[in-house]
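Scroll down for the structure; my scribbles are underneath it.
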Amino acid sequence: MITLREPAYAKVNLTLDVLAKRPDGYHDLESIFQAVSLKDEILLTLGTGESWALICSDPQIPCDRRNLVWKAAELFCQETGFDPKGLHMEIRKQIPSQAGLGGGSADAAAVLRALNPCLEKPFSLEALAQMGAKVGSDVPFCVIGGTAFAEGRGERLRPLGTEGKLHYVLVKPSLSFSTPELFRKIDNSSIPKRPNHEAMTKALENGDPVQVGEQLCNVFEYAVLEDYPEIGRIKELLLSHGAVGAQMTGSGSVVFAIFQTEGQAQQAHCAIASEYPDSYYCTTV
Ligand code: C5P
């Protein structure tokens, strides 16, 4: 038996634009993703000689074929003919679910990355990312990590250069939103402001948190701010503690904020922790 360990980093969407609905029911997106240091850990034990099993430190998460971790392992074995001769999968969860942080996708991507070196001829990261697209729209980015501009469903990726690390505070309210529902709402609402991905790319290259903060834009906010004022309140709270920008990530409900220094971020995190215990300090990976 052999046990493989792989970190699964959360992501935030620094920009997110939803374009047209496609004939396959999905929407074309444009988004700048960044991996952050908040992470789950995946442990895979190969050669157990028993039927496949999955356990998770969070009892709320389904531990069967519905889990993206299981789907990713099954897809990898189907596509490559690799037989682990019994597989025990464990998820040590830190990333909150229903958050817009891509936790499930990060876990699935970690499985693909962990199994890949078991092959005689491992896939390139790009080929592995394309395999991941069959598991979920955010999986390709999670395979590659870093910072990237994503198009299509999220499977067309262009890595971006960044200077330095950003300091984040993430806040998870007890609300959660349905992703398909937010896509439907976006189709029917007018979008007053769309992201400027080019300006965000430059801000990241310059490593200037103030410019990054100014360029934050996620069109999904227009589908939630009116009905869920708590999202706007959390943004205001984070800005009042010195953040240079605050925004919802993905289809929510986590709101993240960017700070100029680790000290400011840690201070803000401490100040809001009593009201929002499900909050985290993290950085660009
Ligand atoms: O691919 P994933 O399972 O993450 O997507 C969940 C749902 O979100 C899809 O079934 C679809 O309704 C919606 N979606 C979309 N366009 C995308 C990604 C997701 O419409 N690019």
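The values are calculated or read from the model by the stated rules, or taken from the named source; none is laboratory data. Quantities reported herein were computed from a predicted structural model and do not represent experimental measurements. Note that each Cβ is placed from the backbone with ideal geometry, even for glycine, and that neighbours are counted across all protein chains shown. Note: accessible area is taken over every heavy atom of the protein model, side chains too, but ligands, DNA and RNA are not part of it. Shrake-Rupley method; radii C 1.70, N 1.55, O 1.52, S 1.80 Å.
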Can you confirm whether the range 198-218 contains a residue that is within 16 Å of the ligand (Cβ to nearest atom) and assigned to a loop (DSSP other than H, G, I, E, B)?
-> no
Here the residues within the range 223-268 that are under 21 Å from Gly102 (Cα atoms) and of a type in the set (D, E, K, R) are Lys235
Is it fair to say Phe123 is closer than 24 Å to Leu204 by Cβ, assigned by TED's automatic domain parsing to the domain that holds Leu54, of a type in the set (Phe, Trp, Tyr) and open to solvent by 20 Å² or more (accessible area, probe 1.4 Å)?
-> no
For Pro192, indicate whether it is in contact with a helix residue (DSSP H, G or I) (Cβ under 9 Å, 6 or more places away or on another chain), of a type outside the set (Val, Ile, Thr), surrounded by fewer than 16 Cβ atoms within 10 Å (Cβ to Cβ) and not in a strand (DSSP E or B).
-> yes
Can you tell me which residue within the range 179-189, out of those that are in contact (Cβ under 8 Å) with a residue 24 or more places away in the chain and open to solvent by 50 Å² or more (accessible area, probe 1.4 Å), is nearest to the ligand (Cβ to nearest atom)?
-> Thr179
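Quick check on Ala35: is it assigned by TED's automatic domain parsing to the domain that holds Ala148, under 12 Å from Thr147 (Cβ atoms) and open to solvent by less than 40 Å² (accessible area, probe 1.4 Å)?
Considered against the rule, which asks whether it is assigned by TED's automatic domain parsing to the domain that holds Ala148, under 12 Å from Thr147 (Cβ atoms) and open to solvent by less than 40 Å² (accessible area, probe 1.4 Å), Ala35 comes out as yes.
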Checking Lys235 against (1) touching a residue at least 12 places away in the same chain (Cβ under 8 Å); (2) in contact with a helix residue (DSSP H, G or I) (Cβ under 8 Å, 6 or more places away or on another chain), which single condition isn't satisfied?
-> (2)
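Quick test for you: out of Leu101, Leu75, Leu68, Leu87, pick the one residue that is within 16 Å of the ligand (Cβ to nearest atom), more than 29 Å from Pro173 (Cα to Cα) and surrounded by 15 or more Cβ atoms within 10 Å (Cβ to Cβ).
Values: Leu101 fails: more than 29 Å from Pro173 (Cα to Cα); Leu68 fails: more than 29 Å from Pro173 (Cα to Cα); Leu87 fails: within 16 Å of the ligand (Cβ to nearest atom).
Answer to the check: Leu75.
Kindly evaluate Gln260 against the criterion of being within 22 Å of Glu205 (Cα to Cα), surrounded by fewer than 17 Cβ atoms within 10 Å (Cβ to Cβ) and out of contact with any strand residue (DSSP E or B) (no Cβ under 6 Å at 6 or more places or on another chain). Step through it out loud before you land on a result.
Working: within 22 Å of Glu205 (Cα to Cα): yes; surrounded by fewer than 17 Cβ atoms within 10 Å (Cβ to Cβ): yes; out of contact with any strand residue (DSSP E or B) (no Cβ under 6 Å at 6 or more places or on another chain): yes.
Judged against the criteria, Gln260 is a match.
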Go through Glu151, Glu120, Glu126 for me and flag whichever is among the charged types (D, E, K, R), within 14 Å of the ligand (Cβ to nearest atom) and more than 16 Å from Val36 (Cβ to Cβ).
-> Glu151
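With the range 1-62 as the region, which strands (runs of 3 or more DSSP E) entirely inside it contain at least 1 residues that are closer than 21 Å to Leu157 by Cα and either away from the ligand (no atom under 16 Å from the Cβ) or not polar (S, T, N, Q) (or both)?
Details: elements: 2-21, 27-46, 53-56.
Correct list: 2-21, 27-46.
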Does Leu225 satisfy the condition of being open to solvent by 30 Å² or more (accessible area, probe 1.4 Å), touching a helix residue (DSSP H, G or I) at 6+ places or on another chain (Cβ under 6 Å), not β-branched (Val, Ile, Thr) and not assigned by TED's automatic domain parsing to the domain that holds Leu29?
-> yes
Considering Gly145, Gly164, which residue is of a type outside the set (Asp, Glu), more than 11 Å from the ligand (Cβ to nearest atom) and surrounded by fewer than 16 Cβ atoms within 10 Å (Cβ to Cβ)?
-> Gly164
Which condition number does Ile95 fail, the rest of (1) more than 21 Å from Asp17 (Cα to Cα); (2) out of contact with any helix residue (DSSP H, G or I) (no Cβ under 9 Å at 6 or more places or on another chain); (3) within 16 Å of the ligand (Cβ to nearest atom) being met?
-> (2)
For Glu198, which of the numbered conditions (1) in contact (Cβ under 8 Å) with a residue 40 or more places away in the chain; (2) over 20 Å from Gly102 (Cα atoms) fails to hold?
-> (1)
